[in-house]
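**Q** Take a look at this one; I'll ask things after.
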Amino acid sequence: MSVIGGLRRLLLSADELEISPSYGVIGCALVWSMPFAAVIGVVDLWFGRYFMGTVDLLTVAGGILCLWLYMRRYRLDMLRHIVVFLSGFIFLGALLDGGLVGAGFIWSIGFPVAACFIAGSRSGICWIAAYALCAALALYLLRDSAMMHYDPARLGYGFVAYAMFAGFAYFTALTREMREGLLLEARRELQERTERLAESERNYRAVLDTTPNAIGVHRDGRWIYVNQAAVRLFAASGEEDMLGDAVVDYVHPDHRGMLAERIEQMRRGNSVPLVEEKLLRRNGEVFEAEVQACPVVYQGRRAFLTICRDITECKRHAQELSDLRSQLEHAQ
C-alpha cells in the first residue's frame, strides 16, 4: 500500500504544480522501473552477461539521478527527454545483446510507447525515428560480431512490429494530449469564473455593507447574513452576534404571525408588499420599521432577503406635525 500511495502522490504532484499530468507519469515510471532494471542487471552479471549487466546498472544509476532531479523539480521539460534516452539506452543494449533466449529485440517494441507517453507525441515520434536509425546502424555495423544472434527474418518481423507499435503509441499519445489540453482549458476557465464570482461577491458585499438600509438574509428561520447597518439597527456588537439567531426573536410578538405568513407567501413564489412592523433590538427596545422582503438564492440555496428601515423618528415627526396642525386649526 505504501508503494501504491507513493506512486499516487507522484501523479498528484503534477496537478499541484499545475503542469501536464505526463510529468507525474515520469516519476511513476522511474520509481516502478528502476527496481526491475536493478534486479535484471544483477541477474545478468550473475550469469556472466557483463555487457547487458553493465548497461542495466548504468541505466539504474541514470534513473536514480533523474528521480533526484524530479523530486527537486529541476527542468522537468528536459528531464522527460533524459528518461526517454535511458529507456532507449537499455532497450538498444537488449537488442544488441540478444538476451538469454535470443529475443532481446522484443524490448525495442516497447520503446515507442515509452517515448510517446513520456516525451509527448511530437517529441516521441522523433525519438522513435532516432531509435530506429540507431538500431539499424548498430545492427549493420555489428553484423559480423559474435554478439549478434538474429536471423534476418526475425529482425524483419521485429521492425514491422516496431512500426506498428510506433503508430499506435503516437496516435494514443496525441489523443491523450488533446484530452489533457481540453481538461486544462476547462480548469483554467473554471478558475477564472470562480475568481470573477468571488470578486463579484466581494463587491456586492461591499455595496451591501455601505448601504444605509439594514439588510439581512435568513434561511430556515435564522440569520445567515447581516450588513453593518443591520448590526447598528438591532444594537448588536457585531455580525457574529446576529448570525445564527432566530429571525423571530427580532420581531415584536404582535407581528410574528405576519412574519410567518409573509415567509409562507414567498415560499409559494408570491411577492409580498412593503409593510410596517414593530421590531426588537437586542436590548429589548421596541421600534417601528418599514420592511421589504423577497426570495433570493444565497450560497447556492434558497433564502429570503429582508430590508429594514427605522421609521420611528419619521413617525414621531409626522405625529408632531399632525398635532401642530390640529393646534393651529383649533386656534383659528
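**Q** For the stretch 39-86, which residues satisfy the criterion of being touching an Asp or Glu at 6+ places or on another chain (Cβ under 8 Å), part of a helix (DSSP H, G or I) and under 16 Å from TRP107 (Cβ atoms)?
**A** The answer is ILE40, GLY41, ASP44, PHE51, MET52, GLY53, VAL55, ASP56.
**Q** Of the residues ARG154, ARG143, which is modelled with pLDDT under 80, open to solvent by 60 Å² or more (accessible area, probe 1.4 Å), of a type in the set (Lys, Arg) and part of a loop (DSSP other than H, G, I, E, B)?
**A** Of the residues listed, the single one that is modelled with pLDDT under 80, open to solvent by 60 Å² or more (accessible area, probe 1.4 Å), of a type in the set (Lys, Arg) and part of a loop (DSSP other than H, G, I, E, B) is ARG143.
**Q** Just the residues that are farther than 11 Å from ILE26 by Cβ and open to solvent by less than 10 Å² (accessible area, probe 1.4 Å), please, taken from the stretch 110-119.
**A** PHE111, PRO112, ALA115, CYS116
**Q** List pairs: first in the stretch 63-85 and under 18 Å from ALA38 (Cβ atoms) and small (Gly, Ala, Ser), second at pLDDT 85 or above and surrounded by fewer than 17 Cβ atoms within 10 Å (Cβ to Cβ), Cβ under 9 Å, 6+ apart or cross-chain?
**A** none
**Q** As an exercise: evaluate ARG187 against (1) closer than 30 Å to GLY120 by Cβ; (2) in contact with a Ser or Thr (Cβ under 8 Å, 6 or more places away or on another chain) and give the number of the one condition it does not meet.
**A** Condition (2) is where ARG187 drops out.
**Q** Which of the helices (runs of 4 or more DSSP H) contained wholly in the stretch 213-332 include at least 2 residues that are open to solvent by 80 Å² or more (accessible area, probe 1.4 Å)?
**A** Counting at least 2 such residues, we get 256-267, 312-331.
**Q** While we're on this one: For the stretch 199-229, what are the residues that are among the hydroxyl-bearing types (Ser, Thr, Tyr) and touching a helix residue (DSSP H, G or I) at 6+ places or on another chain (Cβ under 6 Å)?
**A** Answer for the stretch 199-229, where residues must be among the hydroxyl-bearing types (Ser, Thr, Tyr) and touching a helix residue (DSSP H, G or I) at 6+ places or on another chain (Cβ under 6 Å): there is none.
**Q** Okay, next question. Give the residues of the stretch 66-96 that are open to solvent by 60 Å² or more (accessible area, probe 1.4 Å) and at pLDDT 85 or above, sorted by residue number.
**A** Across the stretch 66-96, the qualifying residues are ILE82, PHE85, PHE89.
**Q** Sticking with this structure for a sec: Any idea how many residues of the stretch 290-331 are free of Cβ contacts under 8 Å to residues at least 40 places away in the same chain and on the phi < 0 side of the Ramachandran plot?
**A** Number of matching residues: 28.
**Q** A further question on this structure: In this structure, does LEU184 turn out to be under 25 Å from the mean Cα position of the chain (by Cα), open to solvent by 80 Å² or more (accessible area, probe 1.4 Å) and either modelled with pLDDT under 85 or among the aliphatic types (A, V, I, L, M) (or both)?
**A** Criteria not met by LEU184.
The values are calculated or read from the model by the stated rules, or taken from the named source; none is laboratory data. Nothing here was measured: the structure is a model prediction, and the numbers come from that model. Glycine gets a Cβ as well: all are built from the backbone with ideal geometry, and neighbour counts include every protein chain shown. Protein only, heavy atoms only, side chains kept; ligands, DNA and RNA dropped before computing areas. Shrake-Rupley method; radii C 1.70, N 1.55, O 1.52, S 1.80 Å.
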